[in-house]
1. Being in contact with a helix residue (DSSP H, G or I) (Cβ under 9 Å, 6 or more places away or on another chain) and more than 30 Å from residue 145 (Cα to Cα) is true for just one of 6, 53, 71. Which residue is that?
2. Within segment 9-24, which residues are under 15 Å from residue 66 (Cα atoms) and in contact with a strand residue (DSSP E or B) (Cβ under 7 Å, 6 or more places away or on another chain)?
3. Report the residue count in segment 22-42 for those that are within 15 Å of residue 76 (Cα to Cα) and exposed (fewer than 12 other Cβ atoms within 10 Å of the Cβ).
4. So residue 137 ticks every box in (1) part of a helix (DSSP H, G or I); (2) crowded, with 16+ Cβ neighbours inside 10 Å but one. Which box is left unticked?
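All of the numbers you see were taken from the coordinates with simple rules; none came from a lab. The structure presented is a predicted model; accordingly, all values stated were derived computationally and were not measured. Note: ideal-geometry Cβ built from the backbone for every residue, glycine included; neighbour counts use all protein chains shown.
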């Protein structure tokens, strides 16, 4: 552990820049906060009225601070499960399809409109390939090339 801040203000623990608040912490009375840089630190002390009365330098974490760090660790959400290559393929294919949804609009494809898309069939081919990857994702997809719109 490199940096640790424990505070009674929000019942919080900040470890290496990541904070959790509203924890139930075993902070002793007379302590407002603890600051630790990984090898040394200090405790801010308060009197029974909550008035700051000075710091105590520390060269080791007290047991209660280690317990606060454990409570923090146990309260962290689990890390996200990494996506498989197939799941990433499916997500990317859906995203790329969304990026070309505009080519399906009648105002773009209607030949009576000026301008209208002249190479709609290129986009249809592109989108068919993307839908295939969205429905049947693979680990190492060959991505179709996005056509450049050609307008009349």
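1. 6
2. The answer is 12, 13, 14, 15, 23.
3. Of segment 22-42, the ones within 15 Å of residue 76 (Cα to Cα) are 22-25.
Narrowing the set further to residues that are exposed (fewer than 12 other Cβ atoms within 10 Å of the Cβ) leaves 22, 24.
Final tally of qualifying residues: 2.
4. Condition (1) is where residue 137 drops out.
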